[in-house]
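Quick note: the coordinates plus some simple rules give every number you see, no bench work behind them. Predicted model, so just to flag it, every value in this text is computed and none were measured. All Cβ positions, even for glycine, are placed from backbone atoms using ideal geometry, and neighbour counts span all protein chains on display.
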Amino acid sequence: MEKFIKQGQIIVGLDFDNSQSALEITKFLNPENYKVKVGNQLFTACGPQILEDLKKQGFDIFLDLKYHDTPNTVEKAVLEACKQQVWMTNIHLSGGQNMIEAAVNAKNSISSEILLIGVTVLTSLDQKDLSYIGVSNDLRDQIISLINLGKRGGIDGIVCSPNDLAYLNKEEMDSFITVCPGIRVKAESGGQKRTSTIHDAINMGADYLVVAREIISSSDPLKVINEIDSYFI
Ligand code: C5P
């Protein structure tokens, strides 16, 4: 059996509407192997208490709220995320340069070690979707220009489709954290338009992979977790 996942590389997206379901899944996860992601649904349903519960279980938490608002509001929101002592949080890079800088300022203002990453183009979007929202850039150019904007603003890394990793040069790959959603244990898509398998995404150089539905919507989540467990080095 080929072993190719390093400890901590898989982030399980806890996309639930209640804390009980989330905490039932995390019982099967070893916090040394897996990090967890609390997104808009779970955080809106449960509030910061879920962060406390997961921290108690020993998990590093990616607070995935994808802040995208005025610079002032995002600065204050990122400050609160820093105070929650989560491992990572994120903003939409399409919020613009001032918003990115405000988010980075918030982190620096309290010397937080939180990792602040930027969403480029959601993996659920393709070229046609971009044109419908009035973006005439080619998908690739749009991703590259958002990566450059984020880099100039001082973010720690990006959220992107594994296929987009090819747009980063070696220096960027070494200095930038890459977090890839749209990951499948086996090849097949499930609603996201730009997907990849765990194996291929790691081969392409992704630092962290987000896996949600493949685990949490499975009729047998433990079987899927056991399969992923078998790939850890
Ligand atoms: O594995 P699955 O497709 O269910 O993963 C979806 C998760 O990845 C959701 O929590 C979604 O918010 C997140 N995601 C993301 N950035 C994207 C696309 C999806 O954080 N660009």
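Evaluated with a Cβ-only charge set (Lys, Arg +1; Asp, Glu -1), the chain carries a dipole of roughly 40 debye about its Cα centre, given to the nearest 20. Per-peptide packing, taken as the mean over residues of other Cβ atoms within 10 Å, places 162-169, 1-8 in the sequence 162-169, 1-8 from highest down. Dividing the mean sequence gap of close Cα pairs (under 8 Å, 6+ apart) by how many residues region 124-188 holds gives a relative contact order of 27 percent. Using R0 = 35 Å, the C-beta based FRET efficiency linking Phe28 and Asn148 works out to 0.30. Using C-alpha pairs below 8 Å separated by at least 6 residues, the relative contact order for region 1-149 is 17 percent. A crude spin-label estimate for the pair Ser111 and Asp53, with each label 7 Å from Cα along the Cβ direction, gives 3.4 nm. For the chain, the alpha-carbon radius of gyration amounts to 0.98 times the rule-of-thumb value 2.2 N^0.38 Å expected for a compact globular protein.
FRET efficiency for the pair Thr44 and Ile233, taken as 1/(1 + (r/R0)^6) with r the Cβ-Cβ distance and R0 = 25 Å, rounds to 0.10.
A simple spin-label model places pseudo-atoms 7 Å from Cα toward Cβ; at Asn169 and His68 they are separated by 2.9 nm. If the limit is 20 Å between Cα atoms, which of Lys107/Lys170; Lys3/Lys35; Lys107/Lys151 go over it? From Lys107/Lys170; Lys3/Lys35; Lys107/Lys151, over 20 Å: Lys107/Lys170.
Label zone of Glu2 (point 7 Å out along Cα→Cβ, amide N under 20 Å): in region 212-233 this covers 224-233. By the helix-only formula, in which each DSSP H run with n ≥ 4 contributes -39500 (n - 2.57) and the sum is divided by residues, the chain has a 222 nm mean residue ellipticity of -11500 deg cm²/dmol.
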